[in-house]
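Undergrad: First the structure, then my questions, so here it is.
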Amino acid sequence: MKLLSDQIEGYLEGSSWIRKMFETGMVLKKKYGEDAVCDFSLGNPDVPAPAVVGQGLRELADSADKPFAFGYMPNFGYPTLREKLAESVSAEQGVKVSGSDLIITCGAAGAINALYRAILQPGDQVLCPAPYFVEYGFYAKNSGGELVTVPSKPLTFELDLDAIEKAINEKTRVVLINSPNNPTGVIYTTEELKKLAAILDKANEGRERPIFLVADEPYRFLAFDGAEVPSILPLYQYSIVVSSFSKNLSLAGERIGYTLLNPGMEGREHLMAGLVLTNRILGFVNAPAVGQKLLEKALGAQVDKGIYLERRNAMASVLDEGGYAYTMPRGAFYFFPEAPGGDDVKFCAALQEEKILAVPGTGFGFPGYFRLAFCVGVDVIERSREGFKNAMKPFK
Ligand code: PLP
C-alpha cells in the first residue's frame, strides 16, 4: 500500500545531507560517547537567549488567566507588535516602513512559503545563487514553482551577475538571495546588489508580472569585523525582506519571523492582502501568540555576538593550522572551506574517521566544499584541531 504521495516519497529517498549527517552523528556519539564527537553539522543556535526572554515569559505566565490571552488575533499578527516591529526594522534597513508593510510569520520558513503561495504560478522559477539553504528547493515546489540555481564565484562566493542575467527568462518570478549567507558566511556588497537590481529592472521591461527580489535575512544581526549588511529596499521597487528571530534571540523553536514589503512598491496593499490570506490558508493562521507577545518585550535585544565571534576566530585558527583553503565568513555562523582532493562527500567521510561531522557542499548545491556550523563551544572547536590536521595529511 502506498501511504505517501510520489513527490514526498521521492523527497524522503533523497533525504538531505544535513539529515544524513545527523543520523551518522547519532551512531558515532553512541559508539564513542557524546563528548568525543565534534559536531559541526547543525545550524541550531546554542547561545542562550537574552535575559529579557526569560523575564518576558514569566510576565506572560502572570497574565495567562486574562480572557483571550492567547486567542486568535488578526492573521497578520498583533497590531501593537506590528507597529513596534516597523520601528525597529526601519532602523535596521535604513528605510522608513510602517506596520502595514509587515506581516508576522512562523519564522522565515513560514514567511517564504506564504509569500510563494501568494505570488507563484505553476512553472514559475525562483532563481537563487548556489550554494544555498537546501530547504529553498522544497519551498518553491510547495507552491508549484521550481528552484533554478546559479553557481557563485568559486571560493569568494561573490554573485556571478553575468550568469544570473543569462539565467533569467520569462518564467523567472523571484530572485532569492540570502545575506549573510548560509552556508558561506558571505555578505553581498552594495555594488553587487545595485548591479543585480539594474539587471532585474531591465528584465521587468514589458512584463505584467514583475520579478521579485527576495532577501532572506535571518543572519542580518550577525556581521563581523564592522561589516554592514546593505538593504535591498532602496535599490529595487519589487523587493521583499523575510527574516526571523530564530538566530538573534535564539528562538528557533518558537517559530517567529516576518515578511516586509518594500514601502515604495506600487500595489503593495494588495500583495499584503494576499500574504495575510496565504498565511491563514496554509494552516499557519497566525504566528504563535506567545512568540509575538515575547517579541514585544524582547525586540531590540540580541544574543551575545561576542560568543560567535570568538568561535569564528577559533575555527579559523584550526583551519589555518590544518592548511585549508576558505574565505573568512563576514557573517552568520558557518565556514565553507574547499574539500581537499575535491570530493566533498569523500572528504566528509574522512573527517568522520576523526570523529568530526561536517556537511558536504553537494547538500547545498555546490560540490567540492564542505560546511562547518559553529553552533558549538570553543572547547569543541579546539578538540577538533588534531582531527582536521590528520584528515588533511593525505593531501599534503
Ligand atoms: N533561511 C536560512 C538561510 C536559514 O539558514 C534558515 C534556518 O537555518 C531559515 C531560512 C529558516 O529559519 P526560520 O527558523 O526563521 O524559519
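The values are calculated or read from the model by the stated rules, or taken from the named source; none is laboratory data. These figures come from a predicted structure and were not determined experimentally. In this analysis, Cβ positions are derived from the backbone assuming ideal geometry, glycine residues included, and neighbour counts consider all displayed protein chains. We work out accessible area using only protein heavy atoms, side chains counted, and drop any ligands, DNA or RNA first. Shrake-Rupley method; radii C 1.70, N 1.55, O 1.52, S 1.80 Å.
Undergrad: Where the Cα atoms of the stretch 201-269 are projected onto their three principal axes, how long is each span, largest first, in whole Å?
TA: On the principal axes, the stretch 201-269 reaches 44, 29, 17 Å in Cα extent.
Undergrad: Just to confirm a number: summing +1 for Lys and Arg and -1 for Asp and Glu over residues other than Val229 whose beta-carbon lies under 11 angstrom from that of Val229, what do you get?
TA: Here the charged neighbours net out to -1.
Undergrad: Okay, next question. Residue by residue through the stretch 144-156, what is 3J(HN,Hα) from phi via Karplus (6.51 cos²θ - 1.76 cosθ + 1.60, θ = phi - 60°)? Round to whole Hz and write x for glycine and proline.
TA: x, x, 9, 8, 10, 10, 10, x, 7, 5, x, 6, 8
Undergrad: Cα-Cα pairs above 14 Å in the stretch 164-247: how many percent?
TA: It works out to 63 percent of all Cα pairs.
Undergrad: Still on this structure: Please give the charge dipole size of the stretch 53-298, origin at the Cα centre, charges +1 on K and R Cβ atoms and -1 on D and E Cβ atoms. Round to the nearest 20 debye.
TA: Charge dipole of the stretch 53-298: 520 debye, to the nearest 20.
Undergrad: Then there is this: Please give me the summed charge of the neighbours of Asp320: other residues whose Cβ is under 13 Å from its Cβ, Lys and Arg +1, Asp and Glu -1.
TA: +2
Undergrad: By average Cβ neighbour count within 10 Å, what is the ranking of 42-48, 355-361 from highest down?
TA: 355-361, 42-48
Undergrad: In deg cm²/dmol and to the nearest 500, what is the mean residue ellipticity at 222 nm of the chain if only DSSP H runs of at least 4 residues count, each as -39500 (n - 2.57), divided by the residue total?
TA: About -12500 deg cm²/dmol.
Undergrad: Just to confirm, what accessible area per residue do you get for the chain at 1.4 Å probe, in whole Å²?
TA: Result: 44 Å² of accessible area for each residue.
Undergrad: If the convex hull of the alpha-carbon atoms of the stretch 145-295 is projected onto planes in all directions, what is the mean projected area in square nanometres?
TA: Mean projected area of the Cα convex hull: 10.3 nm².
Undergrad: To check my understanding: the extent here is largest minus smallest coordinate of the Cα atoms along each principal axis. What are those three numbers for the chain, in Å, largest first?
TA: That works out to 59, 57, 57 Å along the principal axes.
Undergrad: Okay, moving on. Rounding to the nearest 10 and keeping the result within 0 to 90°, find how far the Cα-based axis of helix 79-93 lies from the longest principal axis of the chain.
TA: Relative to the chain, helix 79-93 is tipped by roughly 60 degrees.
Undergrad: Find which of Phe76, Cys348, Val27 sits farthest along the positive direction of the dipole of the chain, computed with +1 on the beta-carbon of Lys and Arg, -1 on that of Asp and Glu, about the Cα centre.
TA: Val27
Undergrad: Additional query: Could you work out what % of the accessible surface of the chain is carbon and sulfur, using a 1.4 angstrom probe and leaving DNA, RNA and ligands out of the count?
TA: Summing carbon and sulfur atoms, their accessible area is 54 percent of the total for the chain.
Undergrad: Using θ = phi - 60° and the Karplus relation 6.51 cos²θ - 1.76 cosθ + 1.60, list the HN-Hα couplings for the stretch 95-102 in order, rounded to whole Hz, with x at every Gly or Pro.
TA: 9, 6, 10, 10, x, 6, 8, 10
Undergrad: Rounded to the nearest 5, what % of DSSP beta bridges with both residues in the stretch 53-298 are antiparallel?
TA: 35 percent
Undergrad: What aspartates and glutamates sit close enough to Lys396 to cross-link, taking a C-alpha to C-alpha distance under 16 Å and skipping anything fewer than 8 places away on the same chain?
TA: Straight-distance partners of Lys396: Asp320, Glu321, Glu338, Asp343, Glu386.
Undergrad: I would also like to ask the following. Which lysines have a Cα less than 24 Å from the Cα of Lys195, not counting those fewer than 8 places away in the same chain?
TA: The reachable lysines, counting only those whose Cα sits under 24 Å from Lys195, are Lys96, Lys153, Lys166, Lys171.
Undergrad: Chymotrypsin sites (Phe, Trp or Tyr not before Pro), restricted to the stretch 48-125: which are DSSP loop and have at most 12 other Cβ atoms within 10 Å?
TA: Phe68, Tyr72
Undergrad: Tell me, in nm to one decimal, what length is gained between Lys396 and Arg58 on full extension, where the rule is 0.36 nm per residue of separation less the Cα-Cα distance?
TA: Extending this stretch completely gives an extra 116.1 nm.
Undergrad: Oh, and also: Any idea what % of Cα-Cα pairs in the stretch 52-95 are farther than 11 Å?
TA: So the pairs more than 11 Å apart make up 74 percent of the total in the stretch 52-95.
Undergrad: Could you rank the peptides 98-105, 341-348 by their average count of other C-beta atoms within 10 Å per residue, with the highest value first?
TA: Descending mean neighbour count gives 98-105, 341-348.
Undergrad: Quick one: check the C-alpha center-to-center distance for the stretch 178-252 versus the stretch 352-374, whole angstrom.
TA: With the stretch 178-252 and the stretch 352-374 each reduced to a Cα centre, they are spaced 25 Å.
Undergrad: A further question on this structure: Can you tell me the order of 292-303, 2-13, 365-376 when each peptide is scored by its average per-residue count of other Cβ atoms within 10 angstrom, highest first?
TA: Top of the packing list down: 365-376, 292-303, 2-13.
Undergrad: Using a Gaussian network for the chain with springs between C-alpha atoms less than 10 Å apart, which of these wobbles most: Thr190, Thr278, Thr149?
TA: Looking only at Thr190, Thr278, Thr149, the biggest GNM fluctuation is shown by Thr190.
Undergrad: Among the listed pairs Lys66/Lys141; Lys20/Lys141; Lys29/Lys247; Lys20/Lys84; Lys31/Lys346, which are separated by more than 32 Å between their Cα atoms?
TA: Result: Lys66/Lys141; Lys20/Lys84 exceed 32 Å.
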